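Comments concern the structure below.
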Amino acid sequence: KKKKKKQWYQRRVRGSLPQHVAFIMDGNRRYSKMNGITRAESYLMGFEKIGEILDYCEVFRIKVVSVYAFSIENFKRSAEEKEELFQLFEDKMTYLLKNLDNLNEKGIKIKVMGDISLFPAHLTKLMAEVQLRTAHNTEFCFNLCLSYTSREEITHSIRTVVDGVQQGSLLVTDITESLLDRCMYSEDLPPVDLLVRTSGEVRLSDYMLWQSNFAVLQFVKVMWPDFGFMHFVSSLLDYQRQQPRLAEYREKYGDYLGQMRDWELRGLEERVSEGTERRQEEFVVELKKKRREMLEEFSKLEVAGA
């Protein structure tokens, strides 16, 4: 049987590929000014670009994609701009709900990271419904960061663990880096391998700082609506150039944590409590249950005019 000829990008992009790619979708407003279109039109083009990105990731079998769509800081923008964005969010969430059969057939999970209770009730309701109705899917995860900042996420995780101690579910000695990680909004998502920011700005803007400690960072000098397949391939090639060194750093970091654990066991037994792993697991299981219950409550919100 004749083998199917590989595409040029399959020959170029060989070897290790990222499992989780995150994007800071920067440059929409500048794009609108540069091209003489309205801000709303530029935002729409930006969201349509997300669909292209997901297609690119499917080509390379990348399983998790995160996008920074709306920061908590964005609530400070003008009422007019927020209304444009909120209408776009409503349209896209409604579209996803109308296409649930397709999402579920492809095994696509939609996750929203952030405090969605800060949005108007009708948006909170839609975001909760989309998550609940795709939560069982496991083939691909599309992670929308909405009403999000990394500092708020880390603060929320710490508060969650502190509440667990105060309620008697955890001991202070049960608090570990791993537990904090499992209490983040990202929960069971793998760490970010490749983080891409468009527009040429060289900063992370409080985005997935916890998850990106060993990520390859790419700052691309193109506005988000213009980010294309060639830019994506270039980012993957840069990831492959840097990945061996980062893998070495990750291994050394894992060895360091292992040594610290051995040190604790040898000299500070009093800090390692019996039953830690059991309490941590029970706490995380209960936390996931509470988060699902919260989404179920949000999905039942009464919306005026609905």
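The values are calculated or read from the model by the stated rules, or taken from the named source; none is laboratory data. Quick caveat: nothing in here was measured; it's all calculated off a predicted structure. Note: ideal-geometry Cβ built from the backbone for every residue, glycine included; neighbour counts use all protein chains shown. Each accessible area value is taken on the protein alone, full model and side chains, heavy atoms only, with ligands, DNA and RNA left out. Shrake-Rupley method; radii C 1.70, N 1.55, O 1.52, S 1.80 Å.
Rg/Rh for the range 149-232 stands at 1.13; both radii use Cα atoms, and Rh follows the Kirkwood definition.
Farthest towards the positive end of the charge dipole of the chain, among the residues Ile158, Val233, Thr198, is the Cα of Val233, using unit charges on the Cβ of Lys, Arg, Asp and Glu. Bridging of Lys92 to aspartates and glutamates at a Cα separation below 16 Å is possible for Glu41, Glu48, Glu52, Glu83, Glu84, Asp101, Glu129, once same-chain residues fewer than 8 apart are set aside. Across the range 16-118, the relative contact order, built from alpha-carbon pairs under 8 Å that are at least six residues apart, equals 30 percent. What the phi angles of the range 199-212 give under the Karplus curve with 6.51, -1.76 and 1.60, with θ = phi - 60°, is a coupling list of 5, x, 5, 10, 7, 9, 6, 6, 10, 6, 5, 5, 7, 10 Hz, glycine and proline written as x. The mean sequence separation of alpha-carbon pairs under 8 Å and at least six residues apart, normalised by the residue count of the chain, gives a relative contact order of 24 percent. For the chain, what is the accessible area per residue in Å² when the probe is 1.4 Å? Here the per-residue accessible area is 56 Å². Using C-alpha pairs under 8 Å with a sequence gap of at least 6, the mean separation divided by the residue count of the range 58-170 gives a relative contact order of 37 percent.
Subtracting the Cα-Cα distance of Val165 and Val222 from 0.36 nm times their residue separation leaves 15.8 nm of extension gain. Between the range 17-54 and the range 101-158, the alpha-carbon centres lie 19 Å apart.
When peptides 51-61, 125-135 are sorted by average Cβ neighbour count within 10 Å, with the highest value leading, the order is 125-135, 51-61. Summary of packing: across the peptides 182-193, 281-292, 202-213, the per-residue average of other C-beta atoms within 10 Å ranks them, highest first, as 182-193, 202-213, 281-292. With N counted as the residues of the range 14-76, its alpha-carbon radius of gyration over 2.2 N^0.38 Å works out to 1.33. Computed over protein heavy atoms with a 1.4 angstrom probe, the accessible surface ordering of Phe219, Phe89, Phe298, largest first, is Phe219, Phe298, Phe89. Remark on the range 31-172: ratio of C-alpha radius of gyration to 2.2 N^0.38 Å is 1.19. In plain terms, the C-alpha convex hull of the chain casts an average shadow of 20.1 nm² when viewed from every direction.
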